[in-house]
Amino acid sequence: MMASAAISPLRVVLPDVRTAIPFNSLFTLIMALAIAVSVLIAALLAYSLLRARRRSDGDLPPQDHGNRKLEVGWTAVPAVIVTGLFVLTFFNMRTTPTPGANLPEGRQPDIIVIGHQWWWEFQYPQLGIVTANELHLPAGKRLLVQLTSADVQHNFWVPPLGQKMDLYPGKANYLWLEAPEPGLYQGVCAEYCGTQHAWMRILAIAQTDAEFDQWVQQQQSAPTAALPTRRAEQGQQLFVQLACVNCHAVTGLSDAQAGPNLTHFGSRRTLSAMGVSRPTTRENVARYLENPQAVKPGIYMPNFGLSPDQIDVLVEYLESLR
Ligand code: CUA
């Protein structure tokens, strides 16, 4: 690293990632310019249509050729705009961490995001936490996020937190995420990835340091060793008998990875990556267990044809996992 710095006297000193224009601002700027240009063109077109229309039969409107001022103007102004956007985009792209380039030396990702059809796996490798669909993060901290996919291409996008990024199987992408202040931020999968692409939502939960630490402690603790009710115990037995454990991890029971880790399911706010439109109420969880295919057609969780009583004890069990 020292050597390469020493032999590159022309090394461009790039702006600190903290001072570069964030992608969202760049998007807003480009959008505003695009709207301004569209309005201008529509206005000029309307003006020309009115001004230069044929006024009588056999009459040609005035024919203009070769207005040098105009031609230079409409070449120069767009060139300046496009060059400016290119420069801004270039510096923004430099803020995207890429392994081996400007990924900070030796820095490990704070969060690993794995896209699945059709849910999100969030791992916190330094904290030993695995969760799904709800991304907890401490507000005001710049986090290094690694993104990859378990199956097809997805795209992680929580607009207020930073740029969007593709997820590919077998390849790691990186981005910086920072929640400006505590709150809930909604995100989506922004790359078509199959039938339930639209129900691949993200709920980012930005917390104060104290709240985040509390969440970490709760996630690191084993779920209720002694289940709170007899019904919950029956639910757990059923959970094992029905082979739910073949796909879903619950600390102490299973470490399967095919489906979302349910170790702390009862403390989650939303169900099956369906975002705030599907809170984890008992009714919603029961409806889901009754026939997942009716709620989210095409997902890999089959309809087990459960009886109302079986559904009830399973809901009791899942709700107790906090
Ligand atoms: Cu995952 Cu669209």
Amide H contacts under 5 Å for Asn155, placed H, 5+ residues apart = Leu167, Ala190, Glu191
Please report, in whole Å, how far the alpha carbons of the range 216-286 spread along each principal axis, starting with the longest.
-> 30, 27, 26
Using θ = phi - 60° and the Karplus relation 6.51 cos²θ - 1.76 cosθ + 1.60, list the HN-Hα couplings for the range 201-208 in order, rounded to whole Hz, with x at every Gly or Pro.
-> 8, 10, 10, 8, 10, 8, 10, 5
Here the gain from full extension of Ala46 to Lys69, 0.36 nm per residue of separation minus their alpha-carbon distance, amounts to 6.2 nm
What is the set of long-range amide H partners of Ser149 at a cut-off below 5 Å, with H atoms built 1.01 Å from backbone N?
-> Gly115, Tyr168, Gly170, Lys171
Given the options Tyr185, Tyr47, Tyr168, which has the most mean-square fluctuation in a GNM of the chain, springs set between C-alpha atoms less than 10 angstrom apart?
-> Tyr47
On average over all directions, what projected area in square nanometres does the chain have, based on the convex hull of its Cα atoms?
-> 26.0 nm²
For Leu321, the residues 5 or more places away or on another chain with a placed amide H closer than 5 Å to its own amide H are Gly266
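Taking each full run of DSSP H in the chain as one helix, which ones are at least 30 Å long along their axis (Cα atoms) and have mean Kyte-Doolittle hydropathy of at least 1.6? Could you put the intermediate results ahead of the total?
Numbers: long enough: 23-51 (41 Å, 2.01); 68-94 (39 Å, 0.94).
Qualifying helices, which must be both long enough and hydrophobic enough, are 23-51.
Can you sort Lys141, Lys296 so the residue with the fewest Cβ neighbours within 10 Å comes first? If you can, show how the numbers build up before the last one.
Details: Lys141 13, Lys296 22.
Ranking Lys141, Lys296 by Cβ neighbours within 10 Å, fewest first, gives Lys141, Lys296.
Net charge around Leu306, counting only other residues with Cβ within less than 10 Å of its Cβ (Lys, Arg = +1; Asp, Glu = -1)? Mind dumping the intermediate values first?
On the way: positive: none; negative: Glu290, Asp309, Asp312.
Around Leu306, the surrounding residues sum to -3.
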If you average 1/r over every pair of different alpha-carbon atoms in the range 262-307 and take one over that average, what Kirkwood value in Å do you get?
-> 11.1 Å
³J(HN,Hα) computed for each position of the range 115-121 - Karplus, 6.51 cos²θ - 1.76 cosθ + 1.60, integer Hz, glycine/proline x | x, 10, 6, 9, 7, 10, 9
Taking every eigenvalue of the Cα gyration tensor of the range 138-283, multiplying by 5 and rooting it, what semi-axes result, largest first, whole Å?
-> 28, 20, 15
Counting Lys and Arg as +1 and Asp and Glu as -1 over every other residue whose Cβ sits under 13 Å from the Cβ of Asp110, the net charge comes to +2
Nearby lysines by direct alpha-carbon distance to Lys141 (threshold 21 angstrom, same-chain neighbours under 8 apart not counted) | Lys164
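Determine, for Asp209, Asp57, the number of other Cβ atoms within 10 Å of each Cβ, and report the residues in order from fewest to most.
Asp57, Asp209
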Added length on full extension, which subtracts the Cα-Cα distance from 0.36 nm per residue, Phe86 to Thr195 | 35.6 nm
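No value in this document is a laboratory result; all are computed from the given coordinates. Since this is a predicted model, take the numbers as computed values, not measurements. So basically every Cβ, Gly included, is an ideal-geometry build from the backbone, and we count neighbours across all protein chains shown.
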